[in-house]
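**Student:** Please read through the structure below; I'll follow up with questions.
The values are calculated or read from the model by the stated rules, or taken from the named source; none is laboratory data. As the structure is a prediction and not an experimental result, all values here were calculated from the model. Cβ atoms come from the backbone with ideal geometry, glycine included; neighbour counts cover every protein chain shown. Remember, those area values only see protein heavy atoms, side chains included, never the ligands or the DNA or RNA. Shrake-Rupley method; radii C 1.70, N 1.55, O 1.52, S 1.80 Å.
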Amino acid sequence: MIVISKYIVPRGYAGLTIFPFVFLKFNRFKTDYVLINHEKIHLKQQLDMLIILFYLIYAFEFLIRLIQFRKWEAAYRNISFEKEAYCNEKNLDYIKHQPFWGFLKYLCTNDF
């Protein structure tokens, strides 16, 4: 379910996924299929991790990355969930073949 809200989505971001909702900052983003696919990848990640576990690991990994990189953007971009989503967002069929816990492949890489 897509919800448009410039107030829920933090400044500097276009979208935010909180299962089962995808929040987009502006209505025009509804036709941005790469962005929508990125957020769908997060929905699948959240389901695979029984939702609450996703948020716990996401927050923990963000804190670790923030200590590691000392910059908000670098920490965010190096979270394994984000790396999986960014690396595969242009593959609009990825969600059909997304491996269970596929984010693990990106856990120990520093691609961004």
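**Student:** With +1 assigned to the C-beta of every Lys and Arg and -1 to the C-beta of every Asp and Glu, and no other charges, what is the dipole magnitude of the chain about the Cα centre in debye, to the nearest 20?
**Tutor:** Working: 15 positive and 10 negative charges, 67 e Å.
My answer is approximately 320 debye.
**Student:** Given contacts defined as C-alpha pairs under 8 Å and at least six residues apart, what's the relative contact order of segment 55-103, whole-number percent?
**Tutor:** Details: 26 pairs, mean separation 13.1, N = 49.
About 27 percent, as a whole number.
**Student:** Something else: Tell me the mean residue ellipticity at 222 nm calculated for the chain from its helices only (DSSP H runs of n ≥ 4, each -39500 (n - 2.57), averaged over every residue, nearest 500).
**Tutor:** On the way: 5 runs with 53 residues, N = 112.
Dividing the helical sum by the residues of the chain leaves -14000 deg cm²/dmol.
**Student:** Do you know the relative contact order of segment 18-112, to the nearest whole percent, from alpha carbon pairs under 8 angstrom that are 6+ apart? It would help to have the intermediate numbers written out before the result.
**Tutor:** Details: 84 pairs, mean separation 28.5, N = 95.
Relative CO of segment 18-112 lands at 30 percent.
**Student:** I would also like to ask the following. Given a cut-off of under 8 Å on Cα pairs at least six residues apart, what relative contact order in percent is computed for segment 6-71? Each step should come with its number before you reach the end.
**Tutor:** Numbers: 46 pairs, mean separation 14.3, N = 66.
Dividing the mean separation by the residue count of segment 6-71 yields 22 percent.
**Student:** Using only the Cα atoms of the chain, what do you get for the radius of gyration and for Dmax, in Å?
**Tutor:** Expressed in Å, the Cα Rg and Dmax of the chain come to 13.5, 36.
**Student:** List the residues, sorted by chain then number, that are 5 or more residues from Ile2 or on another chain and whose placed amide H is less than 5 Å from its amide H.
**Tutor:** Those qualifying (amide H under 5 Å, at least 5 residues apart or on another chain) are Val22.
**Student:** What does the extension gain come out to for Thr109 and Ile8, with contour length at 0.36 nm per residue minus their alpha carbon separation?
**Tutor:** 33.3 nm
**Student:** Another one. Distance cut-off 18 Å, Cα to Cα: go down the list Lys30/Lys71; Lys40/Lys96; Lys40/Lys83; Lys44/Lys83 and report the pairs above it. If you can, show how the numbers build up before the last one.
**Tutor:** Values: Lys30/Lys71 30 Å; Lys40/Lys96 11 Å; Lys40/Lys83 14 Å; Lys44/Lys83 14 Å.
Flagged as over cut-off: Lys30/Lys71.
**Student:** Accessible area per residue for segment 69-112 in Å², computed with a 1.4 Å probe and the full protein assembly in place, what is it?
**Tutor:** Value for segment 69-112: 64 Å² per residue.
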